[in-house]
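The values are calculated or read from the model by the stated rules, or taken from the named source; none is laboratory data. For clarity, every value in this text was computed on a predicted model and none was experimentally measured. Here the Cβ is made from the backbone with ideal geometry for all residues, glycine too, and neighbour counts use every protein chain on show. Surface accessibility is based on the protein's heavy atoms, side chains included, excluding ligands, DNA and RNA. Shrake-Rupley method; radii C 1.70, N 1.55, O 1.52, S 1.80 Å.
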Amino acid sequence: PSPHDYAHPSYLTLLSPAPRLLLASLLSFSLVQQVDVALFDFLKKRFAWQFSNNISLFVSQLLDTVLFSFLGLYGLVASLASTIIVSFVVKLFIIASIGILSSLSKRVIKYEI
């Protein structure tokens with residue numbers, strides 16, 4: 001960087017953990033994806049599709065949140081437990097919203113085959 005670059009320390013602070021976060025994200029995604037597929041397949045054989053889908057999403061997102069938080073955020077955030085709880089609650093809200101909006105759209109929009 002230029003000796004006159006006053007923003008370099010800020011960029012260094014922001015971007016230094018990026019490789020760790022990227023690797024944590026990729027590892028978490030690949031592991032959780034495998035667990036999600038296997039769990040959904042297991043549940044689908046025993047329960048209704050909607051129940052299987054919801055349970056599979058719940059478990060896989062919990063695993064994803066915990067795994068990514070430990071791999072990527074451990075030592076970077078003040079409270080790892082708070083980060084996990086808030087992240088998971090946001091994910092649950094989005095999952096619930098998608099489920100509600102999907103059900104509503106199926107009732108409103110009639111598909112013709």
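The single condition among (1) in contact (Cβ under 8 Å) with a residue 12 or more places away in the chain; (2) hydrophobic (A, V, I, L, M, F, W, C); (3) over 20 Å from VAL32 (Cβ atoms) that ILE109 does not satisfy is (1). Here LEU67 fits the description: under 18 Å from the mean Cα position of the chain (by Cα), of a type outside the set (S, T, N, Q) and modelled with pLDDT of 95 or more. For ILE113, the requirement of being modelled with pLDDT under 95, open to solvent by 100 Å² or more (accessible area, probe 1.4 Å) and over 30 Å from THR13 (Cα atoms) is met. Among residues of segment 77-98 that are farther than 15 Å from PHE58 by Cα, those with a Cβ under 9 angstrom from a residue that is open to solvent by 80 Å² or more (accessible area, probe 1.4 Å), sequence gap 6+ or separate chain, pair up as LEU80/PHE70; LEU80/TYR74. Evaluation of VAL86 against the conditions (1) touching a Leu at 6+ places or on another chain (Cβ under 9 Å); (2) closer than 30 Å to LEU14 by Cβ shows that the sole unmet condition is (1). When segment 70-113 is filtered for residues that are of a type outside the set (A, V, I, L, M) and outside any helix (DSSP H, G or I), the ones remaining, listed by number, are TYR74, GLY75, SER79, LYS110, TYR111, GLU112. The helices (runs of 4 or more DSSP H) located wholly in segment 1-69 that include 3 or more residues which are surrounded by 11 or more Cβ atoms within 10 Å (Cβ to Cβ) and without any contact (Cβ under 8 Å) to a residue 24 or more places away in the chain occupy 18-44, 49-68.
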